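Asks: Handing you this structure, nothing more for now.
The values are calculated or read from the model by the stated rules, or taken from the named source; none is laboratory data. Since the structure is predicted, the reported quantities are computational estimates derived from the model, not experimental observations. Quick reminder, even Gly has a Cβ in these numbers, built from the backbone with ideal geometry, and neighbours come from all protein chains shown. What goes into the accessible areas is simple: the full protein's heavy atoms, side chains included, and nothing from ligands, DNA or RNA. Shrake-Rupley method; radii C 1.70, N 1.55, O 1.52, S 1.80 Å.
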Amino acid sequence: MKMRNAISARTTKMLLGLGALAMMVGAVGATLHGHGHGQGQGQTASHGIVTPLASANLVFDGEPACLKVARENGDPDIGASTFLLEAPSGCVVPAHYHTAEEQLMVVRGDVLTGMDGMPETTMGPGGFAMMPSKAMHWFTCKSKVTCLMFVTFDRKYDIVWAQPAK
């Protein structure tokens, strides 16, 4: 009798766990299928996005003047987004922070990355950095070749530049 109750309790826990998992998968699926949120290249998430590097629309977009950007996915005015960044050798992105968490992945080149409270580090292809919300950070393309990076933001994009020392 005790063995039957133990199996029954295990089965009940497993079914409850599967039910919770099914609800989470359903919620994630609903989020991924858009509900009207904008995506890169004028597409919605349910249609997917495929952008060969040669087709990326890299443009100069303000400060710093040396940095080209292409929005790959999302809408930075309302939520999460992903960008491709291209920085020529010597391009410096000065100290700044975002309200959103930023994740940076290096595709090509050597990128010197700094963040308050951590030592500066040079990252090559495959290098990854995560800057928490409002963490002051900066980077410089240190290689002879143009640096190429992906950055993602987990919510609406903003940028606050550090005030220069007087």
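Asks: Taking the Cβ of residue 68 as the center, what net charge do the other residues with Cβ under 15 Å away carry, scoring Lys and Arg +1 and Asp and Glu -1?
Replies: Details: positive: 71, 108; negative: 61, 63, 72, 86.
Taking every other residue near residue 68 into account, the sum is -2.
Asks: Could you tell me, in Å, what Rg and Dmax come out for the Cα atoms of the stretch 43-166?
Replies: When restricted to the Cα atoms of the stretch 43-166, Rg and Dmax are 14.2, 51 Å.
Asks: Ordering 144, 156 from largest to smallest accessible area (1.4 angstrom probe), what's the sequence?
Replies: Numbers: 144 200, 156 120 Å².
From most exposed to least exposed: 144, 156.
Asks: Ordered by packing density, taken as the mean number of other Cβ atoms within 10 Å over each peptide's residues, highest first, how do 105-112, 125-132 rank?
Replies: Values: 105-112: 19.9, 125-132: 15.0.
Sorting 105-112, 125-132 by mean packing, highest first, produces 105-112, 125-132.
Asks: Starting from the residue with the highest accessible area, list 97, 157 in decreasing order, probe 1.4 Å. Present the calculation step by step, with values, prior to reporting the outcome.
Replies: On the way: 97 60, 157 80 Å².
Solvent-accessible surface, decreasing: 157, 97.
Asks: Kindly report the accessible area of the stretch 77-166 per residue (heavy atoms of protein chains, probe 1.4 Å, no ligands, DNA or RNA), in Å². Walk me through the intermediate numbers first.
Replies: Details: 4730 Å² over 90 residues.
With the other protein chains kept in place, the stretch 77-166 gives 53 Å² per residue.
Asks: With each pseudo-label sitting 7 Å past Cα toward Cβ, what's the residue 158-residue 46 distance in nm, one decimal?
Replies: Roughly 3.3 nm, to one decimal.
Asks: Here is a follow-up. With viscosity set to 0.890 mPa s at 25 °C, what whole-number translational diffusion coefficient in µm²/s follows for the stretch 120-166 from Stokes-Einstein and a Kirkwood radius over Cα pairs?
Replies: On the way: Rh = 13.3 Å.
Answer, rounded: 185 µm²/s.
Asks: Summarise the accessible area of the stretch 59-166 (1.4 Å probe, protein heavy atoms) by the percent that is carbon and sulfur.
Replies: Numbers: 3250 of 5700 Å².
Of the solvent-accessible surface of the stretch 59-166, carbon and sulfur hold 57 percent.
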